[in-house]
Every structure is written in C-alpha cells, then in structure tokens.
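Accompanying notes for the structure given below.
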Amino acid sequence: MRVSGSGTGGSYNGGGSRSDRFRNRHRPGQKVRGVLVKNLPDSMAWVDIDGERLLAQLETARPEGSRLLFLVQQLVPRIILKELTGEAHGNAATALTRVSDFDSARTLFENRFRPVLHEAGLLGSPLPLPGFLALLAADPLLHAAYQDAANCANPLSGALRDADKGTLSYQPWLAPTGRRQATIMRHAQADSQLTEILVEFDHARMGLTRVQFLRKAETLSCRVQLQHPEHAQSLSRYLDSRQHPGSPFQIRHLGVGKLPRTSHSGILAELLFKR
C-alpha cells in the first residue's frame, strides 16, 4: 500500500485488507489522528491510524512519535487523506501548533515513564498521586519531562478556558499504562452545581477510552465510552464489583458504551477544531 500525490494530501492505493478495514471504520469528512511510527527514505513513513499501519508520504519531515491529524476526503475508489496543518485550519494554526507541542512533549515523557514503571514493579498496577510524585522526585530527567508536558498543556488550557470549554490537565497517574492522557474539567451553569470531568487515554486493548464523571452535591456518576466496545461487558462487570470504602460520594455507574467515531480524533481535536 503506497501513497501518491503531493502537498499535504495523500491517496492510499490498493484493495488489500488494510484498505478494506479503513473503509469500514471511517467516512468522508471525518477527522482521524495518526502516529508517525517510523520514518523511511524518500519522505515515506509508516503511520498508525486507529490501529491500522499505513504507508504515507509526508510533505514535511516529522520526528517519530509525532501526532498527525488528517481529514478523510474520499474512500472510493481510492482512500484520500488530507493532512490538517496550520495553514489548513487558518485561525486554528496557533492551536494546532500548541497541540503538536503538547503531543510531542507528552510522548517524550511516556517514553521515559514506562521503563521507570517497569523497573519499579508498578507496570499494570494502580498509581496513586503520592506514588507518582515519588517517582518524579527520584528521577530528575523524568521530572523534567513531565514538567515540560505540563507546561505545554497550560496554553491549551487557557485557549479552552477563553472559549468557555473547560480546562485541560495532564494527569498520567490516572492511566499509568495508557497513552496520551488528558483531563478536561467543565462547570455547568452555576445554579446547577454540576461539574463534568472527562478523563481520556489510549488503552492497549480498548483503544481510545473516555471516562465521564458528573459530580453534583454528594453524588458522583461515571460513564465510560470505548473505541473498541467489545470489551464493554467485562469492563462493566469489573466496575460494578469495585468497592469505595470511605468515599465522600455516592458512586453511580451509568454504563459502558461505544465511543462515537466522530470522537476518535480525541477530546482536544474535538474541542479546539470542531466547526
């Protein structure tokens, strides 16, 4: 499968299984995000989009691990994607640059974080905030990488706040084995006393996972949406089995469902670039 064309667009030729899977999972007009997995000669690169590894040709050289945003322009007879750059978004150029900076800093932190978790015997285990802070205190390079990612999140949080869309925090201890964690907090109207917290991350099996918390008075409700909903039943059983002794809230599980395809580009793209 190769890419032809020029500029920020690319067309995927061929009718193999990867093309068929991509067509089945996407639609024209949809935004999709990809990860640059490996650079190749002649400006070619392997890009992972929603778990499908595709060969792409990019106009601008990017470091491996970069997050790319594409618009699906056409699916038949050929798959044609357009890379969404700052120029493509016009007024969103600054926001796109900030998202790219945050993605890069977050990836660099994750690449240091996972080996530290492994060496500490914590890979696959819950990580309370005090444990996370202890890991940072013991590793100056890890601390610096996290601080850089958190600093890159600050201007994005300001942009969301100015648009009355909430605030952004980077809290990797909430999903220590996940990737690309982001937390959005939004307050409803003052008279409703309702606070919404969205925790998003990429999970190795469940794909993009979004957890919505709704807090009102002493009640905390929780709803989960999965990119790969075949894991919904087992996750729902697990959540129902959990106990919360000492919690100041009455916990309510609102179910586990499917994350809409329109949300597969992630919460930041959804909030910053939604028309």
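For (1) in contact with a strand residue (DSSP E or B) (Cβ under 9 Å, 6 or more places away or on another chain); (2) at pLDDT below 90, each residue gets a yes or a no:
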residue: 162; (1), (2): no, yes
residue: 172; (1), (2): yes, no
residue: 189; (1), (2): no, yes
residue: 192; (1), (2): yes, yes
residue: 200; (1), (2): yes, no
residue: 210; (1), (2): yes, no
residue: 220; (1), (2): yes, no
residue: 228; (1), (2): yes, no
residue: 245; (1), (2): no, yes
request  = Name every residue in the stretch 7-51 that is surrounded by fewer than 19 Cβ atoms within 10 Å (Cβ to Cβ), β-branched (Val, Ile, Thr) and at pLDDT 80 or above, in order of residue number.
outcome  = 37
task = Give the residues of the stretch 221-252 that are open to solvent by less than 70 Å² (accessible area, probe 1.4 Å) and part of a strand (DSSP E or B), sorted by residue number.
result = 221, 222, 224, 225, 226, 251
query = within 20 Å of residue 27 (Cα to Cα), of a type in the set (Val, Ile, Thr) and out of contact with any Pro (no Cβ under 6 Å at 6 or more places or on another chain) - does that describe any residue in the stretch 243-258?
reply = no
ask   = Residue check, residue 246 against (1) at positive phi; (2) touching a residue at least 24 places away in the same chain (Cβ under 8 Å), all met but one. Which one?
value = (2)
task = Only residues in the stretch 113-139 that are not assigned by the TED database to the domain that holds residue 172 count as the first member; pair them with residues that are outside any loop (DSSP other than H, G, I, E, B), Cβ under 7 angstrom, at least 6 apart or cross-chain, and list the lot.
result = none
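The values are calculated or read from the model by the stated rules, or taken from the named source; none is laboratory data. Note that the coordinates shown come from a computational prediction; the quantities given were computed from them, not determined experimentally. Every residue, glycine among them, receives a Cβ derived from its backbone with ideal geometry; neighbour counts consider all protein chains shown. In case anyone asks, the SASA skips ligands and DNA or RNA and just uses the protein heavy atoms, side chains included. Shrake-Rupley method; radii C 1.70, N 1.55, O 1.52, S 1.80 Å.
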